[in-house]
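S.K.: Before I ask anything, here is the structure I am working with.
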Ligand code: SAH
Ligand code: DHB
Ligand code: MG
């Protein structure tokens with residue numbers, strides 16, 4: 001009952017705000033056809049990432065967790081000409097689907113997909129001096145969230161915004177004794193966000209098509 005109403009409200013936002021278009025719908029359809037898990041951000045969340053990137057004037061964006069490129073399309077569309085989105089994906093098959101979806105959305109020239117476990121590709125970005133990134137969207141495996149925070153900080157500057165998806169997981173986050181690696185990773189992320197003097201963080205719970213979940217935001221202030 002609640003889920004039905006949450007979904008109906010997301011559907012209403014989608015239609016009244018015209019959150020979908022052919023390229024985004026096409027990316028969802030091709031991801032589904034390829035058998036990818038349907039866990040991309042919702043359209044209103046994609047638009048939120050897009051607006052945040054535009055409001056910040058982001059020219060360099062890092063994404064950890066590409067899947068079929070749905071959130072990457074939203075982020076890439078916020079970039080100016082000459083801007084760059086680097087998105088990291090462990091699964092070659094996901095990266096292939098994303099590559100085609102980004103091309104169909106006419107943003108492929110703005111996006112570089114790096115294939116491999118992010119903990120293996122992030123050091124290369126640091127070594128190359130690929131940063132600083134203006135915005136980082138962390139949406140891959142949850143046990144590694146604390147490590148992704150550390151790498152993000154190495155690739156950031158004061159003013160960089162870090163965004164973390166799936167930080168609530170139906171309230172699973174409350175279980176301090178959890179043996180679930182995702183819950184433990186997320187709780188460790190929050191402890192690190194709170195303890196890090198270079199960051200000011202907040203988090204929001206969300207309900208909608210993706211159930212009960214949430215997003216955390218951390219601004220690099222120093
Ligand atoms: N941001 C996407 C959804 C990402 S889903 C969107 O909203 O459209 C999470 C993705 O992270 C999956 O494609 C998964 O294969 C990838 N992933 C999981 N573990 C990873 C790792 N260690 N390194 C990089 N990517 C990983
Ligand atoms: C899962 C991962 C996600 O990034 C998400 O947004 C929803 C679900 C998952 O692994 O189940
Ligand atoms: Mg997610």
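What follows draws every value from the coordinates through simple rules; no lab data is involved. This structure is a prediction, so every number in the text was calculated from the model and none was measured. Don't worry about glycine lacking a Cβ; one is built from the backbone with ideal geometry, like all the others, and counts go over all protein chains shown.
S.K.: Only one of these conditions is not met by residue 58: (1) part of a helix (DSSP H, G or I); (2) farther than 17 Å from residue 89 by Cβ; (3) more than 16 Å from ligand 3 (Cβ to nearest atom); (4) touching a residue at least 12 places away in the same chain (Cβ under 8 Å). Which number is it?
M.R.: In the conditions (1) part of a helix (DSSP H, G or I); (2) farther than 17 Å from residue 89 by Cβ; (3) more than 16 Å from ligand 3 (Cβ to nearest atom); (4) touching a residue at least 12 places away in the same chain (Cβ under 8 Å), residue 58 misses (1) alone.
S.K.: Being buried (at least 18 other Cβ atoms within 10 Å of the Cβ), part of a helix (DSSP H, G or I), within 16 Å of ligand 2 (Cβ to nearest atom) and under 14 Å from the mean Cα position of the chain (by Cα) is the requirement here; does residue 75 meet it?
M.R.: On the way: buried (at least 18 other Cβ atoms within 10 Å of the Cβ): yes; part of a helix (DSSP H, G or I): yes; within 16 Å of ligand 2 (Cβ to nearest atom): yes; under 14 Å from the mean Cα position of the chain (by Cα): yes.
Criteria met by residue 75.
S.K.: Just to be sure I understand the filter: pairs with C-beta atoms under 6 Å, separated by 6 or more residues or on different chains, first member in region 166-181 and free of Cβ contacts under 8 Å to residues at least 24 places away in the same chain and closer than 15 Å to residue 207 by Cβ, second member within 16 Å of ligand 1 (Cβ to nearest atom) and not in a helix (DSSP H, G or I). Which pairs pass?
M.R.: Here the result reads none, with nothing in region 166-181 linked to a residue that is within 16 Å of ligand 1 (Cβ to nearest atom) and not in a helix (DSSP H, G or I).
S.K.: Let me ask something else about it. What number goes with the only condition from (1) out of contact with any strand residue (DSSP E or B) (no Cβ under 7 Å at 6 or more places or on another chain); (2) within 22 Å of residue 196 (Cα to Cα); (3) surrounded by 14 or more Cβ atoms within 10 Å (Cβ to Cβ) that residue 172 does not pass?
M.R.: (2)
For every residue, the table says whether it meets (1) within 16 Å of ligand 3 (Cβ to nearest atom); (2) within 14 Å of residue 136 (Cα to Cα); (3) assigned to a strand (DSSP E or B).
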| site | (1), (2), (3) |
| --- | --- |
| 52 | yes, yes, no |
| 68 | yes, no, no |
| 88 | yes, yes, yes |
| 114 | no, no, yes |
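S.K.: Does any residue of region 25-44 turn out to be in contact (Cβ under 8 Å) with a residue 40 or more places away in the chain and assigned to a strand (DSSP E or B)?
M.R.: No - not one qualifying residue is present in region 25-44.
S.K.: Moving on to the next point. What residue, among those in region 150-193 that are assigned to a helix (DSSP H, G or I) and under 17 Å from residue 61 (Cβ atoms), is nearest to ligand 3 (Cβ to nearest atom)? Before you say what the answer is, go through the steps one by one.
M.R.: If we filter region 150-193 for residues that are assigned to a helix (DSSP H, G or I), which is where we start, we get 150-154, 169-174, 181-193.
If we keep only those that are under 17 Å from residue 61 (Cβ atoms) as well, we get 151-154.
Values: 151: 18, 152: 16, 153: 21, 154: 22 Å.
Result: 152.
S.K.: So, one more: Which numbered condition trips up residue 133, out of (1) assigned to a helix (DSSP H, G or I); (2) touching a strand residue (DSSP E or B) at 6+ places or on another chain (Cβ under 9 Å); (3) away from ligand 3 (no atom under 16 Å from the Cβ)?
M.R.: Just one mismatch for residue 133, condition (1).
S.K.: Which condition number does residue 98 fail, the rest of (1) exposed (fewer than 15 other Cβ atoms within 10 Å of the Cβ); (2) in a helix (DSSP H, G or I) being met?
M.R.: (1)
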